[in-house]
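Input: a single structure, listed below in structure tokens.
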Amino acid sequence: MKRVLVATGGGDCPGLNAVIRGIVKRAAQEQDWEVIGSIQSFDGILREPTEIRVLDERAVAGIHVQGGTLIGTTNKGGPFAWPVKNSDGTWSAVDRSDEMIRKLQYLGVDAVISIGGDGSQEISQRLYEKGLNVIGVPKTIDNDLSATDFTFGFQTAVQIATDAVDKLVTTAASHNRVLILEVMGRNAGWIALHAAVAGGADVCLIPEIPYNLDKVLERLNGRFSKGKGFAIVVIAEGAKPVGGDITSEKSDEVGYANLRMGGVASKLMKDLKMAGFEADMRETVLGHLQRGGIPNAYDRVLATQFGVKAFEMVLEENFGTMVAYRHPDIISVPLIEAINRPNFVEPTCSLVVTAKGVGISFGD
Ligand SMILES: Nc1ncnc2c1ncn2[C@@H]1O[C@H](COP(=O)(O)OP(=O)(O)OP(=O)(O)O)[C@@H](O)[C@H]1O
Ligand SMILES: O=P(O)(O)OC[C@H]1O[C@](O)(CO)[C@@H](O)[C@@H]1O
Ligand SMILES: [Mg+2]
């Protein structure tokens, strides 16, 4: 019997379960393969007692429509930075990757499918360099992994953000207000850009195009002076003013290496008020709603394609690679290619041109 281990890493996102189901159902067509899942990313392997779960067809029946992940995930710690408490109460990060690889050998694991975003795939690449048979699957609502046209989870997040814009429009119009919607994406403006175009926002502020407050004011004043009397601003959590910094803070959660983002909508509102903007404003921070709930059809399809392809790459022993979508094909690319260069919005890309073409201001 051969064994493939599946782990989901980083923030959860809609479609994770559909990938797991795709892997399991494809593996079931082979005679001698068993799929097991590590609970909460690779933590399940590193914990004592080991936390793994057999994933057979019965376990994955119908899960492609469910959000979250059947096997849990984490965006803290990990095999290269396992948090250990010191005697003085402080924490240190310990590299347990060699121990984890030994444990996987002991468990008879022939290959690992690591489903995750940029942070998780960096771990995949480092484990591959240490000799582990790893295949990556690109997951994240942020769509910030290159080498693939889209990551799964992104389209669902865009739909949720667009639904929010649609709802904010009616209340903004009723009250003659500016409503500011803050969306996720870390340092990538993909969710904001797509939701702004789909929802017909007036202003879209993204990390890749630092904004000038005067230009934002100009656009908003224009909306009110033309008698329209309301405006919608979509702002990415990683947006920043020209010469300014992102709005973020260090996390005090043990093992959490990322900066915690959030608060940029509130900052923008204050700055606009300080600059003399007089209309009423309200902010909405969409937050984790963007990662919750059921995946839309697009993400279910993409995730299923990724899952089936990932298992076929295991059969081909095509390790150190990541599944990728290059329209119209599902291909394999070197993991290193996917993590070397993040996928950010190019300020001159066609969707920005389209957005500007329908009058959306980026504050530039
Ligand atoms: N397979 C894993 N096992 C253990 N920890 C993991 C694993 N994958 C990720 N992590 C933890 O999560 C961190 C990565 O978090 P990050 O927020 O960068 O996630 P990501 O994979 O880029 O996905 P996303 O950006 O969509 O949340 C790693 O630094 C590590 O602490
Ligand atoms: O769930 P957490 O730890 O608050 O992380 C939030 C971050 O994760 C993501 O949802 C996915 O990377 C980002 O868009 C966001 O900044
Ligand atoms: Mg990431």
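The values are calculated or read from the model by the stated rules, or taken from the named source; none is laboratory data. Note that this is a predicted model, so its numbers are computed, not measured. Backbone-built Cβ (ideal geometry, glycine too); neighbour counts: all protein chains shown. Just the protein is used for accessible areas: all its heavy atoms, side chains included, with ligands, DNA and RNA removed. Shrake-Rupley method; radii C 1.70, N 1.55, O 1.52, S 1.80 Å.
Descriptive notes on the structure:
- The range 244-261-the range 10-59 distance, computed between alpha-carbon centres (Å): 30
- Take each peptide in 41-54, 184-197, count the other Cβ atoms within 10 Å of every residue, and average; sorted highest first, the result is 184-197, 41-54.
- Lysine pair count for the range 212-318 [Cα-Cα under 30 Å; pairs on different chains or 8 or more apart]: 21
- Neighbourhood net charge (13 Å Cβ-Cβ; Lys/Arg +1, Asp/Glu -1) for PHE80: -2
- Heavy-atom accessible surface of the range 1-135: percent carbon and sulfur, 1.4 Å: 45
- Dipole of the chain, positive direction: furthest Cα of SER174, TRP190, VAL65, with charges on the beta-carbon: SER174
- Using alpha carbons only, the radius of gyration of the range 237-302 set against its Kirkwood radius gives Rg/Rh = 1.10.
- With all protein chains kept in place, the per residue accessible area of the range 124-273 amounts to 38 square angstrom at a probe of 1.4 angstrom.
- Charge tally around GLY320: other residues with Cβ under 14 Å, Lys/Arg +1 each, Asp/Glu -1 each, net -3.
- Approximate spin-label separation VAL353-ALA198, in nm, with each point projected 7 Å along Cα-to-Cβ: 2.3
- The sum of -39500 (n - 2.57) across all DSSP H runs of n ≥ 4, divided by the residue count of the chain, sets its helix-only mean residue ellipticity at 222 nm to -11000 deg cm²/dmol.
- Carbon/sulfur fraction of accessible area - the range 272-364, other protein chains in place, 1.4 Å, %: 55
- With Cα atoms, 0 to 90° folded angle of helix 264-274 axis to the chain main axis: 20
- Of interest is the spacing of the C-alpha centroids, which for the range 105-146 and the range 288-353 amounts to 13 Å.
- Dipole-positive endmost among GLY11, ALA111, GLY77 within the chain (Cβ charges, Cα centre): GLY11
- Computed from the alpha carbon positions, the gyration tensor of the range 11-156 leads to an equivalent ellipsoid with semi-axes of 25, 19, 15 Å, biggest first.
- Kirkwood radius and radius of gyration were both taken over the C-alpha atoms of the chain, and their ratio Rg/Rh is 1.02.
- Across the chain, C-alpha contacts under 8 Å between residues 6 or more apart give a mean separation that, scaled by the residue count, equals a relative contact order of 23 percent.
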